[in-house]
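A.B. asks: Dropping a structure here in structure tokens format, bear with me for questions.
The values are calculated or read from the model by the stated rules, or taken from the named source; none is laboratory data. Because the structure is predicted, anything quoted here is derived from the model rather than measured. Here the Cβ positions follow ideal geometry from the backbone for every residue, glycine too, while neighbour counts run over all protein chains shown. Accessible surface areas use protein heavy atoms only, side chains included; no ligands, DNA or RNA. Shrake-Rupley method; radii C 1.70, N 1.55, O 1.52, S 1.80 Å.
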Amino acid sequence: MPQPVTMNDAVYLSEIFSSIQGEGYLAGRRQIFIRLAECNLECSYCDTDHARQETCRIETGPGSAEFTRLPQPLPLQDVLQIVKVWSAKLPGAHHSISLTGGEPLLYADRLVTWLPALRQLLPIHLETNGTMHLALEQVIGQVDYVSMDMKLPSTSGCTENLWGLHREFLRVAHATTVSVKVVISDDTTLEEIGQVCSIIAEVDRLTPLFLQPLSIGNDGVGISVAHMLQFQEAASARLPDVRVIPQMHRLLGAL
């Protein structure tokens, strides 16, 4: 049963909106996106302002693309009410709730309360940079899907070696429906793709791998077709489920 809701469950958010999932395993599904503020990484290609703000923006209605602002931090009860109203207004339209960021697992202690309550309304899809395996252990039992990034040094700009953290995270995430996404560019190396494949194969080689071309501007990508195909070939030689999907929401002009 969900734990009682209190003001101690309040969390700093960036925004709540309804749109089409543009990346990974659930691409094409409509979701209610709850974007949490703050992140433990600073990726060079990040297109999201995840800094903590005094207010967060909330879509005035699902899919309206018009927003109002609410004071922070936002308590769970307010978020539950938004999800309930949107679900009732558009029954069956939303496949799931996408918890994204920033890095949602920075709030794992609060998500212990949030997730059971939200999950009574819709399945939970967690989008994460795949580095906080101890935090994931706290909430994995209340998550239906995990979309895990692996950060390639060539594209992310992260100088810290994250391979070990990604390996441990995938082991925990394997308890649910997990997929792995990597952002690829012309700077990506075959050695990096090989490292990703090795980690996946160690845990479960059936885990889907999504190669996401680096987005540049509104309609461009930072990788040639030749390189894209080369990486797909190399990964497919080791894993049975490798897919190349750009950021579809950008192509659609969606949020």
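A.B. asks: Would you mention how many residues in segment 82-120 are under 14 Å from the mean Cα position of the chain (by Cα), buried (at least 23 other Cβ atoms within 10 Å of the Cβ) and assigned to a helix (DSSP H, G or I)?
C.D. replies: Residues flagged as under 14 Å from the mean Cα position of the chain (by Cα), buried (at least 23 other Cβ atoms within 10 Å of the Cβ) and assigned to a helix (DSSP H, G or I) within segment 82-120 amount to 2.
A.B. asks: Something else now. With the condition kept exactly as written, say whether any residue in segment 134-148 is open to solvent by 30 Å² or more (accessible area, probe 1.4 Å), more than 27 Å from Leu252 (Cα to Cα) and either among the basic types (Lys, Arg) or part of a loop (DSSP other than H, G, I, E, B) (or both).
C.D. replies: Looking for residues that are open to solvent by 30 Å² or more (accessible area, probe 1.4 Å), more than 27 Å from Leu252 (Cα to Cα) and either among the basic types (Lys, Arg) or part of a loop (DSSP other than H, G, I, E, B) (or both), one finds none in segment 134-148, hence no.
A.B. asks: Continuing with the same structure: Please specify each residue of segment 167-191 satisfying the condition of being open to solvent by less than 40 Å² (accessible area, probe 1.4 Å), out of contact with any helix residue (DSSP H, G or I) (no Cβ under 6 Å at 6 or more places or on another chain) and part of a helix (DSSP H, G or I).
C.D. replies: Hit for segment 167-191 is Ala173, nothing else.
A.B. asks: Given (1) open to solvent by 40 Å² or more (accessible area, probe 1.4 Å); (2) touching a helix residue (DSSP H, G or I) at 6+ places or on another chain (Cβ under 7 Å), where does Met248 come up short, assuming only one miss?
C.D. replies: Unmet for Met248, out of (1) open to solvent by 40 Å² or more (accessible area, probe 1.4 Å); (2) touching a helix residue (DSSP H, G or I) at 6+ places or on another chain (Cβ under 7 Å): (2).
A.B. asks: Related question: Assess whether Thr155 counts as being crowded, with 17+ Cβ neighbours inside 10 Å, touching a residue at least 60 places away in the same chain (Cβ under 8 Å) and assigned to a helix (DSSP H, G or I).
C.D. replies: Spelling it out, Thr155 is indeed crowded, with 17+ Cβ neighbours inside 10 Å, touching a residue at least 60 places away in the same chain (Cβ under 8 Å) and assigned to a helix (DSSP H, G or I).
A.B. asks: Of the residues that make up segment 34-49, is at least one part of a loop (DSSP other than H, G, I, E, B), open to solvent by 10 Å² or more (accessible area, probe 1.4 Å), at pLDDT 95 or above and not charged (D, E, K, R)?
C.D. replies: Within segment 34-49, none of the residues are part of a loop (DSSP other than H, G, I, E, B), open to solvent by 10 Å² or more (accessible area, probe 1.4 Å), at pLDDT 95 or above and not charged (D, E, K, R).
A.B. asks: Further question on the same structure: For the structure I just gave you, tell me whether Leu74 is hydrophobic (A, V, I, L, M, F, W, C), touching a Phe, Trp or Tyr at 6+ places or on another chain (Cβ under 8 Å) and in contact (Cβ under 8 Å) with a residue 40 or more places away in the chain.
C.D. replies: Details: hydrophobic (A, V, I, L, M, F, W, C): yes; touching a Phe, Trp or Tyr at 6+ places or on another chain (Cβ under 8 Å): yes; in contact (Cβ under 8 Å) with a residue 40 or more places away in the chain: yes.
In short, yes.
A.B. asks: May I pose another question? Scan segment 203-227 residue by residue and report those that are farther than 17 Å from Thr131 by Cα and in a helix (DSSP H, G or I).
C.D. replies: Of everything in segment 203-227, those that are farther than 17 Å from Thr131 by Cα and in a helix (DSSP H, G or I) turn out to be Val225, Ala226, His227.
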